[in-house]
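*Asks:* This is the structure I want to talk about, given as structure tokens.
No lab work stands behind these numbers, since they all come straight from the coordinates. None of the values given here were measured: they were computed from a predicted structure. With ideal geometry, Cβ positions are generated from the backbone for all residues, glycine too; neighbour counts draw on all protein chains shown.
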Amino acid sequence: MSQSLSQPPAGLWEALQTSSSRSRPKPKSLESFENGISDVSETAGADTSNKYDLLCPREGCASVILKRGVAKLQERQSLQIEPSDIPIHPLLPPLPNNPESVQWWLITPTPMQFENIGFSRPVESLSLSPSGKKLKLLACAECDLGPLGWSEEGGSEFWLACSRVGYRCE
């Protein structure tokens, strides 16, 4: 028996309402942890990885960006990832000026490690990466909040600023 095109299948509207009203995790900012980075990382052997899922820091979104244990903690020189013509979003703390160091989550070898991330086109207005390549900025693929991090054009390393992601502690 065929259904009329003007009538949606029975229960469709209810199913759509249920999926859009699902509860989302509440992202916790790095600054809310008493011991900072040591509370959100765990060491196994020589590597220190993310102890919790990394989330979009926007409370209404809180999309899972990366699962627990996928990223490696690295401290390296800060990098200017904000285009100068765009103000920093209030949810994203400013990164220190170069040559100060900052803590990053390093994800390798492919972007397939991510659960949900978006990439910009190569950004001309930013300084180049430490190796001289153009940068692509990383943002939440669900709500476009960013930049949360960066990668080099064509590179196999993806860097998320530890202070710019949320943490799921539930």
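*Asks:* So which residues in segment 75-114 are assigned to a strand (DSSP E or B), more than 17 Å from ILE65 (Cβ to Cβ) and touching a Leu at 6+ places or on another chain (Cβ under 9 Å)?
*Replies:* ARG76, VAL102
*Asks:* Please specify each residue of segment 33-58 satisfying the condition of being without any contact (Cβ under 8 Å) to a residue 40 or more places away in the chain and either under 13 Å from the mean Cα position of the chain (by Cα) or outside any loop (DSSP other than H, G, I, E, B) (or both).
*Replies:* SER38, ASP39, SER41, GLU42, THR43, ALA44, ASP47, THR48, SER49
*Asks:* Next up: β-branched (Val, Ile, Thr) and under 24 Å from SER41 (Cβ atoms): which single residue out of VAL123, VAL165 fits that description?
*Replies:* Only one candidate passes the filter, namely VAL165.
*Asks:* A follow-up question, please. From (1) under 13 Å from SER151 (Cα atoms); (2) surrounded by fewer than 15 Cβ atoms within 10 Å (Cβ to Cβ), pick out the condition that doesn't hold for PRO96.
*Replies:* (1)
*Asks:* A further question on this structure: With the structure loaded, tell me whether ILE81 is crowded, with 18+ Cβ neighbours inside 10 Å and of a type in the set (A, V, I, L, M) or whether it fails that test.
*Replies:* Judged against the criteria, ILE81 is a match.
*Asks:* Let me ask something additional. Could you identify the single residue in SER120, SER151, SER84 that is among the hydroxyl-bearing types (Ser, Thr, Tyr), farther than 18 Å from SER49 by Cα and over 14 Å from the mean Cα position of the chain (by Cα)?
*Replies:* SER84
*Asks:* If you scan segment 118-161, which residues turn out to be among the polar types (S, T, N, Q), part of a loop (DSSP other than H, G, I, E, B) and surrounded by 14 or more Cβ atoms within 10 Å (Cβ to Cβ)?
*Replies:* Across segment 118-161, the qualifying residues are SER120, SER129.
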